[in-house]
Each structure stands twice: as structure tokens, then as C-alpha cells.
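A.B. asks: Sharing a structure, written as C-alpha cells. Questions coming.
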Amino acid sequence: MDFYQPSTVDEAVRVKAEHPDAVPIAGGTDVMVELNFDARRPTALLDLGRLTELAEWRLEDGHVRLGAAVPYTRIVAELGDVLPGLAMAARTVGSPQIRNRGTVGGNLGSASPAGDAHPPLLATTADVEVASVRGTRTVPVREFFSGPKRSVLAPDELITAVTVPVHKGPQQFAKVGTRNAMVIAVCSFAVALDLSTRTVGTGIGSAGPTPLRAREAEEFAAAELPWDTRDPLPDNVSRAFGQLVAAAARPIDDVRGSAAYRRHALSVLARRTLGWAWQEVI
Ligand SMILES: Cc1cc2nc3c(=O)[nH]c(=O)nc-3n(C[C@H](O)[C@H](O)[C@H](O)COP(=O)(O)OP(=O)(O)OC[C@H]3O[C@@H](n4cnc5c(N)ncnc54)[C@H](O)[C@@H]3O)c2cc1C
């Protein structure tokens, strides 16, 4: 197996163009599992560990430009104030060891419907920045996933960053698993309220072929939340929101849970997270 270790993004995209089969490795928490289980035998690995640009984040015009290889531990420690939804999700990933290594770029690269970073990125309308020798393009995360563990990333492209709007209201994330830590989500849900535009964003994890948004639920909540009076959230609104989220899911029966259970759990997660978020408003 060849091993490439570029030190600049330019060099990395050149390698990727010349060797499209080279598998990028960031934290390695997905790649190494696949190698260890012999699920994958790449001809080459492309180590992203020396690309300092990918390991940095900065504030830019009301957005955080989060380098693809910033590990979850740093998102939790440094970005809770500006990206609360993503930081909450990052807190639930794996164990301290996994959070020290694992990255949002790797989560997107794997494109698992169960990836915990995806729901908050969907709820906040984040963009994915990808680079190749052909240049840089920006893909809305809502258009990034094309199927189970598939994305629109071309074989010569690398994810360089995600651009996430700084929060303009409360955000929440919740996940159901068979235990409290080190668990793949049975289902997960993120909600983001934007108090300036009075809009609501959602993201559903592990309940469809790709991470999904619940568009009707978003429109319903945006229309029904008592933005002016900031009254407590009416029970019928949070319940109807939960039902619309459950209806937007496209779950399957598998070893982690049945489709019916996932729908039910999602309606509960959605109802609760909207309630917690609104609690911060009133
Ligand atoms: C014990 C354990 C527990 C886990 N728990 C969770 C969990 O709770 N929640 C969760 O979501 N995940 C979990 N995971 C999965 C994994 O940790 C995450 O998916 C993590 O985000 C992967 O990031 P990474 O940097 O380690 O990716 P890597 O393993 O380095 O890469 C993953 C994939 O993305 C590609 N890739 C990586 N970076 C880029 C890039 N910049 N551009 C293009 N492609 C790229 C790789 O080629 C590979 O296909 C767990 C894994 C383990 C082993």
C-alpha cells in the first residue's frame, strides 16, 4: 500500500488527482476500522495529518469556517458558544479517544446516515467546501448526501472545510442509542431556531438512506411558534412538530431498531428538542 503525506492542500489535491483511488485518512477512526476488518484494501492512503489549514477554524462574516480535520474535542472545547448544535452532537461522538481523533470532514467523508455531525449541519444550513486541482466549490450540506454512505464528492476531491453560520438562536441535538456512550445512533435529531429570520432548521440522523431534513416540520414550526409574545410553547405545536418530523423520516428495520420504533423515537426527540430550544427563548 502506498502512503502519501502531503504538507499543503495544493499538494494533496494533486496527489488525489493523480491517484483518485488513494483513500484520504484524517482521524482514521472509520478508515482504520475498515482496514482492520479487511472491509477495504486501498492501493494507497492519503494522510491529511500535515495539512495545518484543515486543522484550523476561524470566524468569517457571521460564519465559522471549520477546517475539515478539526477534531471533535476542539469543537466541544472551543465552539460551544458559536455552534452550540454541532458542539452538542460532537460531545456524543464515541469516547474521548474517538473525539480526540475523529473529525467532521471524516464524518462527511463516510457519509453514514448515522453520522452525528450531519443533523446539526443540516439544521444550520451549513456548506461543505471541497477542493481539487480543478478549483474549489461549495456544496450546501443539504445537497451533499446522495445515498447510503455516498456523497457528491468526486474521486479527485477533498473536503477542506465546512462553513457553518454562527447561531442566531437556540440549537439542540439529541440522540437515541442502546446506551449512553460509544454508540451508533438508533436515531438522532437536531433543531436550530433563527430568531432574526424566524425560521427553523432540522436534521434527522439514522432514519433514512441519508441524513434528512423535515421541511414540512420546519415550515410548520416557523408559522406556529409564538415569536412575538414569546409565550410558552403550546403542547399541540410541539406534538404536531414531532409528528411531522416522524413523517419526514424514511427509516428501515435493522439490528439497531425497527422502523416503527425509530419514527416514534424521532417524534419524541423532536418534541423535546423544540421544547428545550424554545425554553431558551422565553
Ligand atoms: C469506537 C468508535 C465509536 C464511534 N462513535 C461514533 C459516534 O458516536 N458518532 C459518529 O458520528 N461516529 C462515530 N464513529 C465513527 C467515526 O469516529 C466518525 O465518523 C468520525 O467523524 C470519522 O472522522 P475521522 O477523521 O476519523 O475519519 P477517517 O476515518 O479518517 O475518514 C473517514 C472517511 O472520510 C474520508 N475522509 C476523511 N477526511 C476527508 C477529507 N478531508 N476529504 C475527503 N474525504 C475524507 C476517508 O477517506 C474515509 O472514507 C465511531 C467510530 C469508532 C471506531
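A.B. asks: Could you identify the single residue in ALA174, ALA161 that is under 22 Å from ALA87 (Cα atoms), among the hydrophobic types (A, V, I, L, M, F, W, C) and within 12 Å of the ligand (Cβ to nearest atom)? Spell out how you get there, then give the answer.
C.D. replies: Details: ALA174 fails: within 12 Å of the ligand (Cβ to nearest atom).
Step by step, each of ALA174, ALA161 is checked, and only ALA161 is under 22 Å from ALA87 (Cα atoms), among the hydrophobic types (A, V, I, L, M, F, W, C) and within 12 Å of the ligand (Cβ to nearest atom).
A.B. asks: Go through the range 243-282 and give me each residue that's part of a loop (DSSP other than H, G, I, E, B), among the basic types (Lys, Arg) and modelled with pLDDT of 95 or more.
C.D. replies: Narrowing the range 243-282 to residues part of a loop (DSSP other than H, G, I, E, B): 249-253, 255-256, 258, 282.
Subset that is among the basic types (Lys, Arg): 250, 256.
Once the filter is applied, which keeps residues that are part of a loop (DSSP other than H, G, I, E, B), among the basic types (Lys, Arg) and modelled with pLDDT of 95 or more, the range 243-282 yields only ARG250.
A.B. asks: To continue, here is another question. Which residues, counting only those in the range 195-245, are aliphatic (A, V, I, L, M), more than 17 Å from VAL281 (Cβ to Cβ) and buried (at least 21 other Cβ atoms within 10 Å of the Cβ)? Lay out the reasoning, then the answer.
C.D. replies: Keep residues of the range 195-245 that are aliphatic (A, V, I, L, M), which gives 195, 200, 204, 207, 212, 214, 217, 221-223, 225, 233, 237, 240, 244-245.
Now narrow it down to the ones that are more than 17 Å from VAL281 (Cβ to Cβ): 204, 207, 212, 214, 217, 240, 244-245.
Matches in the range 195-245: ILE204, ALA207, LEU212, ALA214, ALA217, VAL245.
A.B. asks: Limited to the range 7-33, what total is found for residues that are surrounded by fewer than 21 Cβ atoms within 10 Å (Cβ to Cβ), assigned to a loop (DSSP other than H, G, I, E, B) and over 19 Å from the mean Cα position of the chain (by Cα)?
C.D. replies: Matching residues across the range 7-33 total 5.
A.B. asks: With open to solvent by less than 40 Å² (accessible area, probe 1.4 Å), more than 25 Å from the chain's Cα centre (by Cα) and modelled with pLDDT of 95 or more as the only criterion, which of PRO71, PRO42 stands out? Let's see the steps before the verdict.
C.D. replies: Details: PRO71 fails: more than 25 Å from the chain's Cα centre (by Cα).
None of the others qualify; the one that does is PRO42.
A.B. asks: Take LEU54 and decide whether it is within 16 Å of GLU157 (Cβ to Cβ) and part of a helix (DSSP H, G or I).
C.D. replies: Details: within 16 Å of GLU157 (Cβ to Cβ): yes; part of a helix (DSSP H, G or I): yes.
Yes, satisfied.
A.B. asks: Against the condition more than 16 Å from the ligand (Cβ to nearest atom) and either out of contact with any helix residue (DSSP H, G or I) (no Cβ under 9 Å at 6 or more places or on another chain) or closer than 30 Å to VAL133 by Cα (or both), how does LYS149 come out, does it pass?
C.D. replies: Numbers: more than 16 Å from the ligand (Cβ to nearest atom): no; either out of contact with any helix residue (DSSP H, G or I) (no Cβ under 9 Å at 6 or more places or on another chain) or closer than 30 Å to VAL133 by Cα (or both): yes.
Judged against the criteria, LYS149 is not a match.
A.B. asks: In addition: So if I check each of ASP194, ASP231, which one is out of contact with any Asp or Glu (no Cβ under 6 Å at 6 or more places or on another chain) and farther than 20 Å from LEU86 by Cβ? Full working, then the answer.
C.D. replies: Numbers: ASP194 fails: farther than 20 Å from LEU86 by Cβ.
Going through ASP194, ASP231 in turn, the sole match is ASP231.
A.B. asks: List pairs: first residue in the range 10-27 and within 12 Å of ARG50 (Cβ to Cβ), second residue in a helix (DSSP H, G or I) and within 13 Å of the ligand (Cβ to nearest atom) anywhere in the structure, Cβ distance under 7 angstrom, at least six positions apart or on different chains.
C.D. replies: ILE25/VAL31; ALA26/GLY105; ALA26/GLY106
A.B. asks: Would you confirm, using the coordinates I've provided, whether VAL268 is within 14 Å of ALA174 (Cβ to Cβ) and under 18 Å from the mean Cα position of the chain (by Cα)?
C.D. replies: Details: within 14 Å of ALA174 (Cβ to Cβ): yes; under 18 Å from the mean Cα position of the chain (by Cα): no.
So VAL268 does not fit the description; no.
A.B. asks: From the list LEU59, LEU54, LEU108, LEU86, pick out the single residue that is within 28 Å of ARG213 (Cβ to Cβ), away from the ligand (no atom under 11 Å from the Cβ) and touching a helix residue (DSSP H, G or I) at 6+ places or on another chain (Cβ under 9 Å). If you could, list the steps in order and put the result at the bottom.
C.D. replies: Details: LEU59 fails: touching a helix residue (DSSP H, G or I) at 6+ places or on another chain (Cβ under 9 Å); LEU54 fails: away from the ligand (no atom under 11 Å from the Cβ); LEU108 fails: away from the ligand (no atom under 11 Å from the Cβ).
Of the residues listed, the single one that is within 28 Å of ARG213 (Cβ to Cβ), away from the ligand (no atom under 11 Å from the Cβ) and touching a helix residue (DSSP H, G or I) at 6+ places or on another chain (Cβ under 9 Å) is LEU86.
A.B. asks: Also: Looking at (1) under 25 Å from GLU280 (Cβ atoms); (2) crowded, with 19+ Cβ neighbours inside 10 Å; (3) over 13 Å from the mean Cα position of the chain (by Cα), find the lone condition where LEU83 falls short.
C.D. replies: (3) is the only condition that LEU83 fails.
The values are calculated or read from the model by the stated rules, or taken from the named source; none is laboratory data. Every value quoted in this text rests on a predicted model; they were computed, and no experiment measured them. Cβ sites come from the backbone with ideal geometry, for glycine too, and all protein chains shown count toward neighbours. Protein only, heavy atoms only, side chains kept; ligands, DNA and RNA dropped before computing areas. Shrake-Rupley method; radii C 1.70, N 1.55, O 1.52, S 1.80 Å.
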